[in-house]
Amino acid sequence: MSKRDLNFEAYRKSIQSLENFKKPTAVVIFGASGDLAKKEIYPNLFWLYKDSLLPENTIIIGYGRTNLDIKKYLKETIIQKVNLDNDDLKIYDEFIEKNHYITGNYNEEPKFKELDSKINELMVDPNQNIQDCNRVFYLAVPPKVYPNISEMVGKNCRAKEPFLTHLVAEKPFGKDLETSNELSKSISRYFKEEEIFRIDHYLGKEMVQSLIALRFANQIFRRVWNRDSIESVFINFKENFGTKGRAGYFDEYGIIRDVIQNHLLQVLTLIAMEQPLSESADDIRDEKVKVLKSIKAIKLDDVVLGQYAKNENGTPEQQKGYIDDEGVDKDSLTATYAIIILHINNERWDGVPFIISAGKALDETISEVRIQFNQVPANIFKNYCRRNELVIRIQPNEAVYLTMLTKRPGMDFVVEETDLDLTYAEKYKGLYVPKAYERLFMNIIYGSQISFVRSDELTEAWRIFTPVLHEIEEKKIKPIYYQFGSNSIPEAENLIMTKGKYSFERFCRL
Ligand code: NDP
Ligand code: BG6
């Protein structure tokens, strides 16, 4: 039995008992020839198929302008992303047979009618009294194409009720509040909010999912989770690679739109929200929205930007700076790093800085939340940093650990820092931790919006960031340049502390 199979049995049973498991389902992937389809969508659909987690009768139809032989593409290209062993090959061949493809433009109505007929032809079976199927339409294309596709699908390809129609939209959802609202408006003409699944793949990550349990199922944390005990919250995102061939996209968006306005802000809301009325998607999202509403729009003084430059002594990859990447202007001011301080104006968090730091081309790849508790008052011990810290490491190597101070074992009396460590690879040996997209696919197909961004969350997130993004662009704010592979950017950290009039010692672990 593979590591994957070990903890799937109970889950599989629960899925197979769902009504939607029995319903035929068509998954349509717009932009099937693209990077996301290759890296995430097809491979994860295969793994779910292999684990018998997709509905019994599922078909997958790719759609795009590229003339693609989908079976050949799966056999020769996608297979390299799937990582199969010999036993899986037969199942992979079966999976290939479930796949179809239509070549067409995204505004070509006859092609969408053809898509609708194709779904009906493959799924409707009057002999078995099957009149239609649940339909998932995945927008794996640049957002500017969303309005066309929404209209075409809305007019031509919706499932007949009671079958479900789900539309999946990827980020970036707009470039600012205005463009995001326009996008929402164009989609909501044809789809109801409960049919729209806006992906923020961070919400599908194991540790992000577990934040609610950590916060609300542990009395020891509930009591101290506020301004009386917490000095600051630090959300840290680093990648040890640059824009990796995605510079064309990145140069238009920059690090704030790429990961801060969405992934890291989502993490912040889960850290900061009040206890929801229940575990339901809307109760949780109601609380997240309240947190966002309590954050004022960010000012330029709350932000410091950086851009990576070549590191002449580094690896061949590091010897190229951001502006050396194809598709980037030589005088581009786009930030590949930003550090931001946010405040939540409510009773729980008043005065507690939430520091978000995110950068590409740094020394390591890590994503973590550090809850920094107050220093011990009237400390009697010498030579140690007088604070506890709860660290939630989202990736790599999922973990929760609490730094604490103990007496070092021995005859002498020395107080030192140690950890209460819950590293998943140690604690849950052999258990498979699902990947974000696997989990999100299950939610999309079986209709749970718990890990998806609601339209009011999106509006609030853009409200917080839009003015500063515009100001950065209008004033052409120059980033601080840092070497590819740097461990941190002390100049930026110092500057943010000075601008915010904080004393650096307060954040001894930044
Ligand atoms: P791609 O640039 O690879 O585009 C996907 C497909 O869309 C292409 O294969 C092409 O298919 C079609 N397409 C591309 N440009 C245009 C255009 N200007 N007009 C019409 N169709 C076009 O995108 P990705 O696969 O990387 O991303 C898809 C979506 O997912 C985007 O919204 C992206 O922002 C988002 N995303 C991607 C991530 C990634 O890691 N790749 C991560 C997070 C989000 P064809 O020519 O066959 O029609
Ligand atoms: C994507 C960003 O949304 O998230 C990328 O566009 C970033 O720039 C990626 O690298 C990070 O996701 P993960 O899952 O690799 O941490």
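The values are calculated or read from the model by the stated rules, or taken from the named source; none is laboratory data. Everything quoted here is computed from the prediction, not taken from an experiment. Neighbour counts run over all protein chains shown; Cβ positions are idealised from the backbone, glycine included.
A few comments on the model shown:
Yes/no matrix, rows are residues, columns are (1) surrounded by 18 or more Cβ atoms within 10 Å (Cβ to Cβ); (2) at pLDDT 95 or above; (3) touching a helix residue (DSSP H, G or I) at 6+ places or on another chain (Cβ under 7 Å); (4) farther than 14 Å from Ala461 by Cβ:
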site: Gly254; (1), (2), (3), (4): yes, yes, no, yes
site: Gln261; (1), (2), (3), (4): yes, yes, yes, no
site: Leu268; (1), (2), (3), (4): yes, yes, no, no
site: Arg285; (1), (2), (3), (4): yes, yes, yes, no
site: Leu292; (1), (2), (3), (4): yes, yes, yes, no
site: Lys296; (1), (2), (3), (4): no, yes, no, no
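- If you go through the stretch 298-317 and keep only what is closer than 29 Å to Leu265 by Cβ and of a type outside the set (D, E, K, R), you end up with Ile298, Leu300, Val303, Val304, Leu305, Gly306, Gln307, Tyr308, Ala309.
- Which listed residue is in contact with an Asp or Glu (Cβ under 8 Å, 6 or more places away or on another chain), outside the structural domain of Trp225 (by TED's automatic domain parsing), more than 16 Å from ligand 2 (Cβ to nearest atom) and farther than 21 Å from Leu342 by Cα, from Thr418, Thr423: Thr423
- Criterion violated by Arg198 - all others in (1) more than 27 Å from Ile29 (Cα to Cα); (2) outside any loop (DSSP other than H, G, I, E, B) satisfied: (1)
- Tally of residues being within 18 Å of Asn218 (Cβ to Cβ) and within 16 Å of ligand 2 (Cβ to nearest atom) across the stretch 360-393: 3
- A count restricted to the stretch 438-456 and to residues that are within 16 Å of the chain's Cα centre (by Cα), of a type outside the set (A, V, I, L, M, F, W, C) and over 14 Å from Gln266 (Cα atoms) stands at 4.
- Residue within the stretch 361-379 that is crowded, with 17+ Cβ neighbours inside 10 Å, farther than 16 Å from Phe237 by Cα and among the basic types (Lys, Arg) present: no
- Of the helices (runs of 4 or more DSSP H) entirely within the stretch 216-323, those holding at least 1 residues that are under 22 Å from Phe197 (Cβ atoms) occupy 247-255, 265-272, 281-293.
Let's see how each residue does on (1) within 16 Å of ligand 1 (Cβ to nearest atom); (2) hydroxyl-bearing (Ser, Thr, Tyr); (3) in contact with an Asp or Glu (Cβ under 9 Å, 6 or more places away or on another chain):
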{"site": "Tyr138", "(1), (2), (3)": "yes, yes, yes"}
{"site": "Val141", "(1), (2), (3)": "yes, no, yes"}
{"site": "Asn148", "(1), (2), (3)": "yes, no, no"}
{"site": "Asn156", "(1), (2), (3)": "no, no, yes"}
{"site": "Ala159", "(1), (2), (3)": "no, no, yes"}
{"site": "Ala169", "(1), (2), (3)": "yes, no, no"}
{"site": "Lys175", "(1), (2), (3)": "yes, no, yes"}
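- Close contacts from the stretch 232-257, counting a first residue that is on the phi > 0 side of the Ramachandran plot and a second that is of a type in the set (Val, Ile, Thr), with Cβ to Cβ under 9 Å and a gap of 6+ residues or different chains, come to Gly254/Thr334; Gly254/Thr336; Gly254/Ile472.
- Within the stretch 17-37, residues that are over 11 Å from Asn134 (Cβ atoms) have Cβ atoms under 6 Å from residues that are away from ligand 1 (no atom under 16 Å from the Cβ) in these pairs: Leu18/Tyr446, counting only partners at least 6 apart in sequence or on another chain.
- Count of the stretch 139-172 residues which are more than 16 Å from ligand 2 (Cβ to nearest atom), surrounded by fewer than 19 Cβ atoms within 10 Å (Cβ to Cβ) and under 23 Å from the mean Cα position of the chain (by Cα): 3
- Within the stretch 298-305, the presence of at least one residue that is within 26 Å of the chain's Cα centre (by Cα), of a type in the set (Asp, Glu), in the same structural domain as Pro479 (by TED's automatic domain parsing) and closer than 18 Å to Glu493 by Cβ is confirmed.
- Exclusive hit being of a type in the set (Val, Ile, Thr) and closer than 30 Å to Thr165 by Cβ, set Ile496, Ile480, Ile444: Ile444
Per-residue answers, yes or no, for (1) basic (Lys, Arg); (2) part of a strand (DSSP E or B); (3) over 30 Å from Leu469 (Cβ atoms):
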| position | (1), (2), (3) |
| --- | --- |
| Ile340 | no, yes, no |
| Asn388 | no, yes, yes |
| Ile392 | no, yes, no |
| Met404 | no, yes, yes |
| Pro409 | no, no, yes |
| Asp419 | no, yes, yes |
| Glu426 | no, no, yes |
| Gly430 | no, no, yes |
| Tyr437 | no, no, no |
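- Extreme residue, nearest to ligand 1 (Cβ to nearest atom), among residues of the stretch 77-88 that are loosely packed, with under 11 Cβ neighbours inside 10 Å and more than 20 Å from Gly64 (Cβ to Cβ): Asn83
- Of the residues in the stretch 57-64, not one is surrounded by fewer than 13 Cβ atoms within 10 Å (Cβ to Cβ) and at negative phi.
- So Asp325, is it out of contact with any Ser or Thr (no Cβ under 8 Å at 6 or more places or on another chain) and acidic (Asp, Glu): no
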